[in-house]
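Asker: Would you mind keeping the following structure in view while I ask a few things?
Every number in this text was worked out from the coordinates using simple rules, so none of it is lab data. Here the structure is a predicted model, which means the values were calculated and not measured. Cβ coordinates were reconstructed from backbone atoms using ideal geometry, including for glycine residues, and neighbour counts include every protein chain displayed.
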Amino acid sequence: MRKDKDAMIRVSYFHRKPRPIGNYSVEFIFKDVRNQLSAQVDGKVVYSAYESSGLFKRIYNCLEIIGKQGEVNHVTGDINYIGLFLHSRKTVQTILDCVHLSSSTGIKHFVLKLFWLTIPVRRSRFVTAISESTKNEILKYVHCDPDKIKVIPVAISQKFSRKEKAFNKENPRLLQLGTAHNKNIQRLAKALWGIPCTLDIIGKQDSHLEDLLKEYDIKYEYSWGLSDEEIIKKYEQADMVTLVSTYEGFGMPILEGQTVGRPVITSNLYSMPEVAGDAACLVDPFDAQSIRQGIQKIINDPAYRENLIHKGFENVKRFNSQTIALKYLDLYKEITGQN
């Protein structure tokens, strides 16, 4: 392992501006990558001055990074448009998903595609997609050499670890991360109608969702602005993790739940089956009855539940942080001519 700082690869990691509350999971993940590569990579984190909203704030975010480039520039998501001002042969763009394109039309779709996908892809040496599903979506929208896009999954943080807990069959606690429209809480609520449980939601409170949960007589709790440690505690307290989304670029709660040792129910669409492997209950997210049957099977079938947990521990081995970090190191070495 190299210790001479002058011999290390200088990488500038470009992150979006941190929010005052809430968490960006991708920055959490790349911190682990930097830690794993600390002997080979001199990593510098560059945060955008402004949140990514409005024309002038985004222009400023682009201009301020020009003088902060390294031997390698790694844009870790969301602010991909800053690639317009980065040295294209030295830049890695991580694209998390294409949900903004699938949910937009007209001029908005054109602008989002141009600045968050077309320009970043063309003005980069490599693009990393966090799943095969995301890679396929990128290629659907942008014509480029498929070999330019490298699939490097998200690594599971070493902060998560196995935590035994007896399953509460009488009133299980279901952990739901996120309240955005794609999280599909409307159908989840319908699926839970009449099932004794507590839905533990991490996300911004939504009066419409609260009205819906009350309509279906579901006991629920809301949390927001939690620390990493508090989120991990939520996983440890849970009996089951729900991620029945209609869209995900990856689906970190699947791996986080499996690492802690909780059965996971998730969707059979996009990246979720890819991430879950055979270690989660896969359901049709557009069918509340399918979701209901999956939840009931986890609750009522102990052998099935324990099999999911056992397979989950095996599945997460594919997402070891050291293994994932070395994949990024290979790209950095190729950019700097060290391969």
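Asker: Please determine, in degrees from 0 to 90 and to the nearest 10, the orientation of helix 228-237 with respect to the longest principal axis defined by the Cα atoms of the chain, where the helix direction is its Cα long axis.
Answerer: Roughly 30 degrees, rounded to the nearest 10.
Asker: Hey, another quick one. Under 5 Å between amide hydrogens, which residues at least 5 positions from Thr198 or on another chain qualify, with H placed 1.01 Å from N in the peptide plane?
Answerer: Answer set, sorted by chain and number: Arg173, Leu174.
Asker: So I have (1) 112; (2) 137; (3) 194, and one of them is volume of the Cα convex hull per residue in Å³ calculated from this model. Which one is it?
Answerer: Entry (2).
Asker: Right, something else. For the stretch 173-318, what relative contact order do you get, as a whole percent, if you take Cα pairs closer than 8 Å and at least 6 residues apart? Walk me through the numbers before you get to the answer.
Answerer: Working: 272 pairs, mean separation 33.2, N = 146.
Computed value for the stretch 173-318: 23 percent relative contact order.
Asker: Something else now. Helix 132-141 versus the longest principal axis of the chain: what angle, 0 to 90°, nearest 10, using Cα atoms?
Answerer: Its long axis makes an angle of about 60 degrees.
Asker: Sticking with this structure for a sec: Under a cut-off of 17 Å between alpha-carbon atoms, report the aspartates and glutamates in cross-link reach of Lys233, not counting same-chain residues fewer than 8 places apart.
Answerer: Partners within reach: Glu164, Asp200, Glu221, Glu256.
Asker: I'd like the projected area of the stretch 173-318, averaged over all directions, using the convex hull of its alpha carbons. Report it in nm² with one decimal.
Answerer: Value for the stretch 173-318: 7.7 nm².
Asker: Here is a further query. I need the Kirkwood Rh of the stretch 75-189: take the reciprocal of the average 1/r across all distinct C-alpha pairs and report it in angstrom.
Answerer: 16.6 Å
Asker: While we're on this one: So which residue, out of Asp301, Asp200, Asp97, gets the largest mean-square fluctuation from a GNM of the chain using Cα contacts under 10 Å as springs?
Answerer: Result: Asp301 has the largest fluctuation of those listed.
Asker: Where in the chain is the longest stretch that carries no trypsin sites (Lys or Arg not before Pro) classed as loop by DSSP and with at most 11 other Cβ atoms within 10 Å?
Answerer: Details: sites that count: Arg2, Lys3.
Within the chain, the longest run free of exposed trypsin sites (Lys or Arg not before Pro) spans 4-339.
Asker: Then there is this: Would you please name the GluC sites (Glu not before Pro) within the stretch 78-174 that are DSSP coil residues with at most 10 other C-beta atoms within 10 Å of their C-beta?
Answerer: Here the GluC sites (Glu not before Pro) that fit, given the DSSP loop and packing criteria, are Glu164, Glu170.
Asker: Restricting to Cα pairs below 8 Å that are 6+ residues apart, what does the relative contact order work out to for the chain? Please round to a whole percent.
Answerer: 16 percent
Asker: May I pose another question? Please check: in the Gaussian network model of the chain (C-alpha springs, under 10 Å), which one of Gly225, Gly312, Gly249 has the largest mean-square fluctuation.
Answerer: Largest GNM mean-square fluctuation: Gly225.
Asker: A follow-up question, please. Work out from phi, with θ = phi - 60° and the Karplus expression 6.51 cos²θ - 1.76 cosθ + 1.60, the ³J(HN,Hα) of each residue of the stretch 105-117, listed in order in whole Hz, and give x for Gly and Pro.
Answerer: Once θ is set to phi - 60°, the couplings for the stretch 105-117 become 9, x, 4, 4, 4, 4, 5, 4, 5, 5, 8, 9, 9 Hz.
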